[in-house]
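Q: Submitted below is the structure of interest, expressed as structure tokens.
Values in this text are rule-based calculations from the coordinates and carry no lab data. Just so we're clear, the structure is a prediction, and the values are computed from it rather than from any experiment. In this analysis, Cβ positions are derived from the backbone assuming ideal geometry, glycine residues included, and neighbour counts consider all displayed protein chains.
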Amino acid sequence: FFHSYHCSMLSCVLLLSLAAGEIPHPYQHYCMQRFVRAIYENELPLRLTARKLLKKGEDWQNECEWKGVLCEEGIVDQILAQRVPESFDLRWFPPTIRDIEMAGIHDAHNQLVTRLLPRSLRYCRIIYAELQGSLDLRRLPLRVELLFLDDYHFEGEIYLVNLPRTLQILSLTNNNISKVFVSNIALPKALSSAKFFGNPQKLKIVSLDTDTVDSRVTTMPTT
């Protein structure tokens, strides 16, 4: 609870600062510090070196110089990471991030808390990661357009009842999802497909408001 309250309050401060034309580097830096699991500032060089995110001679205090971090006018905009040997804490993405591309990474808690994803997120592709447990798609960032969460161990039930209006593609292939509940009338008009390929054969897709499930929600690849 403390982390959720702390992060949401700081996110509000950051967004207000951006609206005022300021660049709140201290908070952004703190988010990135916690993202690489450094609780204290003096731990950062070691954490970055272990994750191979810093080249010799680069400024470890400037997150825009870290490998895989792209900034726009000093604000973190994208994070790209593949096969990083040490874990991250995915609860600490800075709220300004619009694009996330990560593959073969590990989260310290083996979970993805969707309500803590960056509020500015448009594109997210996190695959081949050791994530598990349940997944709540009712608290996604309101601007997200493409969401790929494939090859995990997500399990249980998924609710497609409050998806962002901007969502175009949702992919949850090769997980352990047992049931998907769909509100056909609530599906975004922009949605082209919601894919659940490669989940257990017993996977059921249930319509909550019509006799049949919208054809955009499927468990089989289209030819």
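Q: Quick one: 3J(HN,Hα) in Hz for the stretch 71-80, Karplus 6.51/-1.76/1.60 with θ = phi - 60°, rounded, Gly and Pro as x.
A: Ordered by residue, 3J(HN,Hα) equals 10, 10, 6, x, 9, 4, 10, 9, 10, 10 Hz.
Q: Nearest 10 degrees is fine. How inclined is helix 25-35 to the longest principal axis of the chain, computing both from alpha carbons?
A: Approximately 60 degrees, to the nearest ten.
Q: Can you compute log10 of I(q)/I(0) for the stretch 158-206 with the Debye formula, treating each Cα as one identical point scatterer, at q = 0.25, 0.29 Å⁻¹?
A: Once normalised to I(0) and log-transformed, intensities are -0.96, -1.15.
Q: What does the convex hull of the Cα atoms of the chain come to per residue, in Å³, rounded to a whole number?
A: It is 132 Å³ per residue.
Q: Using a Cα distance threshold of under 27 Å, what count of lysine pairs results for the chain when pairs must be 8 or more residues apart or interchain?
A: Lysine pairs, 8 or more places apart or on different chains, close enough: 9.
Q: In whole Hz, what ³J(HN,Hα) sequence does the stretch 110-126 give by Karplus (6.51, -1.76, 1.60; θ = phi - 60°), x for Gly and Pro?
A: Coupling constants for the stretch 110-126: 6, 9, 10, 8, 5, 6, 9, 5, x, 5, 8, 4, 10, 10, 9, 9, 10 Hz.
Q: In debye, nearest 20, what is the charge dipole magnitude of the chain about its Cα centre with +1 on Lys and Arg Cβ and -1 on Asp and Glu Cβ, if you could check?
A: Here the size comes out at about 400 debye.
Q: Stretch Glu41-Asp209 to full length: gain in nm at 0.36 nm per residue minus the Cα-Cα span?
A: Gain on extension, Glu41 to Asp209, equals 55.3 nm.
Q: Would you grab the residues whose amide H sits under 5 Å from the one on Gly133? Only those 5+ places off in sequence or on another chain, please, with H modelled 1.01 Å from N.
A: Here the answer is Glu155, since their amide H atoms fall under 5 Å of that of Gly133.
Q: Could you give me the ³J(HN,Hα) list for the stretch 44-49, computed from phi with Karplus coefficients 6.51, -1.76, 1.60 and θ = phi - 60°, whole Hz, x at Gly and Pro?
A: 4, x, 5, 4, 5, 5
Q: Within the chain, what's the longest run with no chymotrypsin sites (Phe, Trp or Tyr not before Pro) in a DSSP loop and at most 10 other beta-carbon atoms within 10 Å? Give the range, please.
A: Formally, the longest exposed-site-free interval is 41-223.
Q: Here's another thing I want to ask about it. Which order do the peptides 47-57, 205-215 come out in when sorted by mean C-beta neighbours inside 10 angstrom, highest first?
A: Per-residue mean Cβ counts within 10 Å order the peptides as 47-57, 205-215.
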